[in-house]
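The values are calculated or read from the model by the stated rules, or taken from the named source; none is laboratory data. Because the structure is a prediction, the values reported are computed rather than measured. Every residue, glycine among them, receives a Cβ derived from its backbone with ideal geometry; neighbour counts consider all protein chains shown. Accessible surface areas use protein heavy atoms only, side chains included; no ligands, DNA or RNA. Shrake-Rupley method; radii C 1.70, N 1.55, O 1.52, S 1.80 Å.
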Amino acid sequence: MAGVTLRNVTKRFKNVVAVNNVNLEIRDKEFLVLVGPSGCGKTTALRMVAGLEEITEGEILIGDRVVNDVSPKDRDIAMVFQNYALYPHMSVFDNMAFGLRLRMLPGTIGRLTRRAETRAINDQIRKRVETVAEMLGLTQLLDRKPKQLSGGQRQRVALGRAIVREPKVFLMDEPLSNLDAKLRVQTRAELIKLHRQLGITSIYVTHDQVEAMTMGERIAVMRDGVVQQVDTPLKLFNEPANLFVAGFIGSPAMNFVPSLLEGDAGGGYVNAGSFRVRLPDCMVKSSSKIDAYIGKEVIFGVRPQHIYDKYKSLVPATADNMIRCNVDVSEPMGSVVTLYLTSGQHFMVAEVDAETRAVDGAPVDLVLDMRKTHLFDKETERAIFDEGTVRDAD
């Protein structure tokens, strides 16, 4: 196995910079997810690792070897595509064995003097295909053609074709996007189990932040060809580095409210016009940056999951953390109710307890968990609360 390193990697298509000075290290046996909106450069970055796109600047290493000038077939990688890329005229067995035959037979054909040697290689291929087929639940399907398979079965065949090669690195380009919602969840779990079993370094590209959060050991969030933040799923959710990451990670998205940051002897306050809430003292005192923003406009952020119905709140309701909003629309989701709210000129979303008293068209009192709120610089969009900020002190 091997890790993958991108050093100052840039890719230009004429005047368009698709990937801009990316530095990224994927550790040996790690499952890293590249996530971002369409056009952010994530697939281009993956294709450069695979050798399907030339690098304009920088270096890519697989293990300790620089592979900039190494052809894709010699990089010892396996790639799974969005559209499966199965040969329609071949059986499942032949699709899975095809890469192995190309790899193991051509270099030996010229020196095969006995049929026994050829037979030994074919036996080795058969054993590897059958082992992987059993692992993926494809044993009963080995004689079928792709058109006789469901979408989920085709995707497993594509995965199997990659696994039998026993590569150093797996590259996966949105492999679940063609599956329906239920099958996507099921296959997602299968992929995670498979990675834990095989322990092969994997880079997974998706635009779906739910896939990224549930699958990645670490996630690299990209925007306009630039890596915005690389961290664990929970770190990205709880400590986003900037406004983009905060809004992209999490569903529903974080609420952003333009506000004035105020401070006096009583502490720090966020004044949004229609409401005024107090920041916890531990956050104000432990932040190295907040003093510079007193009296200035900032972006106040709070996730829908951290807003509670006053009567079902997980944090004590006080005058310092309560706001009153009007309920525009409520969406019962079973375990929670999603509320679409208006507070003055601000629009917000909250996920509250299923037994909420909120009624469409009526006001509702809500409680914010202020320990889990965020502040962002209005100009740079960078987070104001840094890693040293204490959030849980009494």
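Residues that are of a type outside the set (K, R), in a loop (DSSP other than H, G, I, E, B) and open to solvent by less than 40 Å² (accessible area, probe 1.4 Å) were ranked within the stretch 68-80; the one that is nearest to I203 (Cα to Cα) is D76. All told, A85 falls short of being open to solvent by less than 10 Å² (accessible area, probe 1.4 Å), under 28 Å from G152 (Cα atoms) and either part of a loop (DSSP other than H, G, I, E, B) or of a type in the set (G, A, S) (or both). Checking F256, F248, F237, F244 one by one, the residue that is of a type in the set (A, V, I, L, M, F, W, C) and under 22 Å from L176 (Cα atoms) is F248 and no other.
Here is a check on your reading of the model: is E217 on the phi < 0 side of the Ramachandran plot and surrounded by fewer than 18 Cβ atoms within 10 Å (Cβ to Cβ)? Yes: the conditions hold for E217.
Looking only at the stretch 53-67, filter to residues that are open to solvent by 50 Å² or more (accessible area, probe 1.4 Å) and assigned to a loop (DSSP other than H, G, I, E, B); which one of those is nearest to F170 (Cα to Cα)? Before you say what the answer is, go through the steps one by one.
As a first pass, look at the stretch 53-67 and keep what is open to solvent by 50 Å² or more (accessible area, probe 1.4 Å): 54, 56-57, 59, 64-66.
Next, from what is left, pick out any that are assigned to a loop (DSSP other than H, G, I, E, B): 54, 56, 64.
Values: E54: 19, T56: 23, D64: 17 Å.
Looking at residues that are open to solvent by 50 Å² or more (accessible area, probe 1.4 Å) and assigned to a loop (DSSP other than H, G, I, E, B), I get D64.
In the stretch 285-294, is there at least one residue being basic (K, R), open to solvent by 20 Å² or more (accessible area, probe 1.4 Å), on the phi < 0 side of the Ramachandran plot and modelled with pLDDT of 90 or more? No, the conditions are met nowhere in the stretch 285-294. Looking across D94, D76, one residue alone is acidic (D, E) and either in contact with a helix residue (DSSP H, G or I) (Cβ under 9 Å, 6 or more places away or on another chain) or within 19 Å of G151 (Cβ to Cβ) (or both). It is D94. Residue count for the stretch 41-52, restricted to those that are open to solvent by 50 Å² or more (accessible area, probe 1.4 Å) and within 20 Å of R218 (Cα to Cα): 1.
The single condition among (1) at pLDDT 95 or above; (2) surrounded by 11 or more Cβ atoms within 10 Å (Cβ to Cβ); (3) over 26 Å from the mean Cα position of the chain (by Cα) that R357 does not satisfy is (1).
Table: residues versus (1) more than 20 Å from A220 (Cβ to Cβ); (2) modelled with pLDDT under 95.
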residue: V19; (1), (2): no, no
residue: L34; (1), (2): no, no
residue: G39; (1), (2): no, yes
residue: E57; (1), (2): no, no
residue: I62; (1), (2): no, no
residue: M79; (1), (2): no, yes
residue: N83; (1), (2): yes, yes
